[in-house]
Amino acid sequence: MCIFTGGLLYLVGQLCLKPVFLLYFWLIYFIFPSVSLPLLQPIQLVFKANAVKMHLLGLILSLVTSGTGFQFRKENWQRHHILIFAAVQSTSAGVLHAFGRVLLMDCSPAGKEGAFAVWYSWVKMVGTCLGFAIASGAAAGNVGTSFATAFCTAAVAMVISIYANISDVGGAVAAGLVSEDGETASPITKGLDESDSMSMSMSMSNVDGNAKKQAVGEEAA
C-alpha cells in the first residue's frame, strides 16, 4: 500500500498525468494479477518452489519495484516504465496475498485455522493502514520516503521468512504429499505400497493357514 499510494500521488501531483493514463494504470494494477498468477504456476512446477519460496519471490518483486522507484525518484518517469512496474508490483501483491494465505493455513495449529486467519486479516489491515498513512501523510510530496519505507519493510520480511521457523512442511505432511522424514510421497506409490502390504499379509495368512492344516493332519495321523 505504501508503494501504491506513494506512486499514485507522485503520478498525480508531480508528473501531472492525464486521467486516461491513470485509468490505464489502475486497470493494469488490478487486472494483471489474474493473468500473471496463472502464468507463474508452470514456473513453480518447473523449479519445484514451495509456498515459502513463492512468498520470497513476491518480496523480491516488491524490492525491485521500491528500489527502482527510489533510485529514479528525481527522474521524469516514462509512461511505459510506469505501466511495466505497475504490472510487476501488482504481481508481487497477488503472490504475497495468495501464498501468505497458504503459509498461514500450513503453520496454524490444527483446529485453530479460523482464529489465526482472523488475526492475519487484522494484521494485514493494520499494515495497509500504516502504509497508507505514511505515503499520504508523513511522506506526502516525497515519494522517496514512501519507496524507502517499502524497501526496508520488504527486506525485513525477507529476513524473517528466511531465518524464522516458517515452513509449509506441516501442511504437506497433513495432506499426505510428503512423509514425516521429508521425502515426497506420491499417491500412486502410496497406493502400490498399500497393495503390496495387503498382498503380503494375505500370503502370510495363507502360509499360516496351510501350516496349521498340516499340523492338524499330522496330529490326526
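FYI, it's all coordinate maths here, none of it is from the lab. The structure displayed is predicted, hence computed values, not measured ones. All Cβ positions, even for glycine, are placed from backbone atoms using ideal geometry, and neighbour counts span all protein chains on display.
For segment 2-167, the residue among Phe30, His80, Ile134 whose Cα projects farthest onto the positive side of the dipole built from Cβ charges is His80. Could you tell me the convex hull volume per residue, in Å³, taken over the Cα atoms of segment 2-167? About 121 Å³ per residue, rounded to a whole number. Sparsely packed loop sites in segment 90-169 (the trypsin sites (Lys or Arg not before Pro) outside DSSP H, G, I, E and B with at most 15 other Cβ atoms within 10 Å) comprise Lys112. In this Cβ point-charge picture (+1 for Lys and Arg, -1 for Asp and Glu), segment 2-167 has a dipole of about 140 debye about its Cα centre. Qualifying chymotrypsin sites (Phe, Trp or Tyr not before Pro) in segment 92-166, where qualification requires a DSSP coil assignment and no more than 13 other C-beta atoms within 10 Å, are lacking entirely.
For segment 84-95, backbone phi angles converted through the Karplus equation (6.51, -1.76, 1.60; θ = phi - 60°) give residue-by-residue couplings of 5, 6, 5, 5, 5, 5, 5, 5, 4, 5, x, 5 Hz, Gly and Pro being listed as x.
For segment 115-141 and segment 26-74, compute the distance between their C-alpha centroids and round to whole Å. If you average the Cα positions of each part, the centres end up 20 Å apart.
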